[in-house]
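Asks: Mind having a look at this structure? Questions to follow.
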Amino acid sequence: MGLQKIWMVALLSGWVLQGISQVKPADLPPALSAIKETDLKRDIFELAGDAFRGRRAGTEDEMRAAAWVAQKAQEAGLKPAGDDGTCFQFFNMRRTRTADRSTLQAGNQRLLLGKDFWVTQPVDAHINGSVTWLNSMADTTMNLQGKTVALKIEAPNPLPANGMSLWEYRYTASAIRQQGMALRRKGVSAIIFVANDITEKGIAFIGHNYEDGSYQNVGLPATVARANTGAARLATPVILVRSELENAIKQAAPLQADVVMETYLYPSVNVVAKANGSDAKLRNEFVLFSGHHDHDGIGNPVGQDSIWNGADDNASVTVGMLAIARAWVVKPGKRSALFVWHGAEERGLLGSRWFAVHPTVNKASIVAVLNGDMIGRNAIDSAALLGAIPPHRNSLALVNMAMQANQGLTKFKVDNSWDEATHPENWYFRSDHAPYAQAGIPSIFFTSLLHPDYHTPKDEPQYISIPKLAKMTRWMYATGWLVSQSPARPALDVKL
């Protein structure tokens with residue numbers, strides 16, 4: 001580790017506080033007692049309970065969750081700040097997926113979409129003929145032009161880094177991408193991948209992801225409205241089947257498939273509310289608290305559980321923002337507070353992409369974005385702040401305020417390693433602050449980082465550390481309070 005990196009780790013861990021003002025008691029937010037563990041526990045058990053069915057974007061469950069958040073926000077004393085005098089800002093997203101009527105038959109055995117096989121990327125295709133089985137990618141030296149080929153997934157090169165989240169999915173996606181590209185260069189007409197043991201281990205999430213298809217904002221510039229897959233649609237059908245079907249695929253005579261792509265629009269919604277500031281001039285500017293209210297909905301069962309509750313991701317921040325709202329109403333800051341609970345974050349940051357282009361307040365009035373994602377797990381004295389070091393840092397002044405709040409109040413050991421450009425998780429770009437930073441607004445990202453239950457049905461409220469959630473909420477609140485009270489808005493150092 002180089003000297004500069006050691007210094008940055010020390011700085012953000014609280015070992016060295018050069019350039020960061022010491023916190024005076026008068027600088028601490030005055031309504032900390034309004035953030036109550038009892039409120040946080042009640043709210044997260046309700047929002048992340050099975051009744052909301054995982055709050056999947058574009059479903060009635062997400063809409064019910066959004067209505068719940070809006071009601072709670074108004075009960076907390078916030079005022080509507082969405083469209084047309086409401087707490088809501090609706091937007092459309094385009095979904096492209098493999099239609100349920102798609103079929104695959106190996107000889108006389110009919111396979112079930114979503115149980116036996118998955119189409120890895122939506123495409124319209126018809127297959128009817130023999131299968132060329134490849135014992136390994138070494139068999140690609142033969143002439144494969146126009147053939148339907150099948151093989152067992154081989155390990156990608158390089159392997160995903162050890163310890164990465166969703167490791168089996170990353171392994172499988174990388175293998176299919178690499179080996180599929182090599183086979184397409186050989187001119188194959190279709191590819192059947194048979195799952196190996198590693199893919200089978202993660203098949204619940206892998207299959208859930210392929211069933212998803214891709215999502216995209218409607219009505220935004222192409223540079224903003226990116227599909228969440230980030231990949232161009234390919235004409236060659238690529239199908240993943242369960243490992244137990246290897247012999248059926250090898251012996252298929254013939255193999256027949258009709259896969260159909262369908263595209264349609266879903267609505268999603270941001271929930272937007274505000275608390276007015278106390279200063280006659282500064283109340284026209286906003287500290288924006290950011291989180292997302294959606295998660296993954298109903299998916300492939302893990303054990304007997306098919307509801308992906310998303311308690312930490314991201315009901316934790318949703319209820320934390322409600323607690324901050326209660327505190328802000330009790331004692332308003334000089335600047336106003338704007339609360340945006342984004343929809344469709346899990347589908348590719350679609351809600352924040354929309355709001356960053358179509359804010360319901362003057363964009364120039366947003367002085368800073370304080371985003372949270374997953375703040376209720378892991379050791380109670382550990383946390384991470386992203387957007388804190390180059391190249392992701394766009395406001396040193398804002399980072400210093402966050403570290404000042406931590407030094408004076410919460411005293412977390414702050415991990416900045418996940419903010420490094422070389423971190424394999426690419427974590428900085430996976431939450432709702434990113435579109436705001438790219439739009440030129442000072443932005444930071446609070447998180448308590450990943451855990452083994454991430455994006456599984458085990459992310460349930462009973463596993464949330466309520467004291468940790470309260471402590472992270474207070475850190476976000478204290479940072480927002482310092483931003484609100486500062487005579488000068490945090491300077492933007494660089495537009496990402």
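The values are calculated or read from the model by the stated rules, or taken from the named source; none is laboratory data. All figures in this text were calculated on a predicted structure; none of them were measured in a lab. Glycine gets a Cβ as well: all are built from the backbone with ideal geometry, and neighbour counts include every protein chain shown. Protein only, heavy atoms only, side chains kept; ligands, DNA and RNA dropped before computing areas. Shrake-Rupley method; radii C 1.70, N 1.55, O 1.52, S 1.80 Å.
Asks: Could you derive backbone 3J(HN,Hα) for the range 44-59 from the dihedral phi with the Karplus parameters 6.51, -1.76 and 1.60 (θ = phi - 60°), listing whole Hz in sequence and x where the residue is Gly or Pro?
Replies: 6, 5, 6, 5, 9, x, 5, 4, 8, 6, x, 6, 5, 4, x, 10
Asks: Still on this model: If a/c stays under 1.5 just call it rounded; otherwise compare a/b with b/c (prolate if a/b is bigger, oblate if not). Do that for the range 146-261, with a ≥ b ≥ c from the square roots of the Cα gyration tensor eigenvalues.
Replies: Oblate shape, in that a/c is at least 1.5 and b/c is the bigger or equal ratio.
Asks: Bins of 10 Å, beginning at zero and ending with the bin holding the largest distance: percent of Cα pairs per bin for the range 90-217, please.
Replies: 11, 39, 37, 12, 2, 0
Asks: Using a 1.4 angstrom probe, figure out how much accessible area the chain has per residue, in square angstrom, rounded to the nearest whole.
Replies: Numbers: 19580 Å² over 496 residues.
Per residue, the chain has 39 Å² of solvent-accessible surface.
Asks: How do 165-173, 35-43, 320-328 rank on mean C-beta neighbours within 10 Å, highest first?
Replies: Details: 165-173: 20.3, 35-43: 16.2, 320-328: 26.8.
Per-residue mean Cβ counts within 10 Å order the peptides as 320-328, 165-173, 35-43.
Asks: So, R0 is 25 Å and r is the distance between the beta-carbons of A235 and Q256; what FRET efficiency does that work out to, to 0.05? Could you put the intermediate results ahead of the total?
Replies: Numbers: r = 19 Å, r/R0 = 0.75.
Step by step, r from the Cβ atoms, then E = 0.85.
Asks: Then there is this: Where the eigenvalues come from the Cα gyration tensor of the range 26-178, what are the semi-axes √(5λ) of the equivalent ellipsoid, largest first, in whole Å?
Replies: Details: eigenvalues 485, 99, 44 Å².
Result for the range 26-178: semi-axes of 49, 22, 15 Å.
Asks: Given a cut-off of under 8 Å on Cα pairs at least six residues apart, what relative contact order in percent is computed for the chain?
Replies: 23 percent
Asks: Using a cut-off of 15 Å between beta-carbons, work out the net charge of the residues near K495 (Lys and Arg +1, Asp and Glu -1, K495 not included). Don't skip to the end; give the middle numbers.
Replies: Values: positive: K363, R393; negative: D493.
Computed value for this residue: +1.
Asks: Among residues other than L40 whose Cβ falls under 14 Å from its Cβ, what is the net charge (Lys/Arg +1, Asp/Glu -1)?
Replies: Details: positive: K36, K41, R42, K72, R326, R377, K468, K471, R474; negative: E37, D39, D43, E46, D312.
Summing Lys/Arg as +1 and Asp/Glu as -1 gives +4.
Asks: Mean separation of Cα pairs under 8 Å and 6+ residues apart, divided by the residue count of the range 51-103: what relative contact order is that in percent?
Replies: Working: 24 pairs, mean separation 8.5, N = 53.
For the range 51-103, the relative contact order is 16 percent.
Asks: Sticking with this structure for a sec: Sorted by packing (mean other beta-carbon atoms within 10 Å per residue), highest first, where do 118-128, 104-114 land?
Replies: Numbers: 118-128: 18.9, 104-114: 15.7.
Top of the packing list down: 118-128, 104-114.
Asks: Using a 10 Å cut-off on Cβ atoms, rank the peptides 469-476, 457-464 from the highest mean neighbour count down. Don't jump to the answer; show the numbers that get you there.
Replies: Details: 469-476: 25.2, 457-464: 19.9.
Descending packing order for the listed peptides: 469-476, 457-464.
Asks: Another question, if that's okay. Could you tell me which of rounded, prolate or oblate describes the chain, using a ≥ b ≥ c as the square roots of the eigenvalues of the alpha-carbon gyration tensor, with rounded for a/c under 1.5 and, failing that, prolate when a/b is larger than b/c and oblate otherwise? The partial results should precede the final answer.
Replies: Working: a/c = 2.26, a/b = 1.90, b/c = 1.19.
Prolate, since a/c reaches 1.5 and a/b exceeds b/c.
Asks: Going by the alpha-carbon gyration tensor, a ≥ b ≥ c the square roots of its eigenvalues, is the range 49-97 rounded (a/c under 1.5) or, if a/c is not under 1.5, prolate (a/b greater than b/c) versus oblate?
Replies: On the way: a/c = 4.40, a/b = 1.36, b/c = 3.24.
Oblate, since a/c reaches 1.5 and b/c is not below a/b.
Asks: Further, regarding this structure: What net charge is computed for the residues neighbouring L104, neighbours being all others with C-beta under 14 Å from the C-beta of L104, Lys and Arg scored +1, Asp and Glu -1?
Replies: Numbers: positive: R101, R110, K115, R242; negative: D100, D116, D258.
Charge balance near L104 sits at +1.
Asks: A follow-up question, please. Using r as the Cβ-Cβ distance of T263 and H423, and R0 as 30 Å, what FRET efficiency do you calculate, to the nearest 0.05?
Replies: Details: r = 34 Å, r/R0 = 1.14.
The computed FRET efficiency comes out at 0.30.
Asks: Given H placed on each backbone N at 1.01 Å, which residues far from F117 in sequence or on other chains put an amide H within less than 5 Å of it?
Replies: Here L112 satisfy the definition.
Asks: I would also like to ask the following. Within the range 323-361, whose backbone N sits under 13 Å from a point 7 Å along Cα→Cβ of L496?
Replies: 353
Asks: Taking 0.36 nm per intervening residue step and subtracting the Cα-Cα distance, what contour gain separates A397 from L159 on full extension?
Replies: Values: separation 238, 0.36 × 238 = 85.68 nm, distance 3.87 nm.
Going from the current span to full extension adds 81.8 nm.
Asks: Counting only protein heavy atoms, what percent of the accessible surface of the chain is carbon or sulfur at a 1.4 Å probe? Write down the numbers at each step before the final one.
Replies: Details: 10160 of 19580 Å².
Whole-percent figure for carbon plus sulfur exposure: 52.
Asks: How much length would be gained if the chain were fully extended between K201 and R42, taking 0.36 nm per residue of separation minus their Cα-Cα distance, in nm to one decimal?
Replies: Numbers: separation 159, 0.36 × 159 = 57.24 nm, distance 3.45 nm.
Net length gain for the segment: 53.8 nm.
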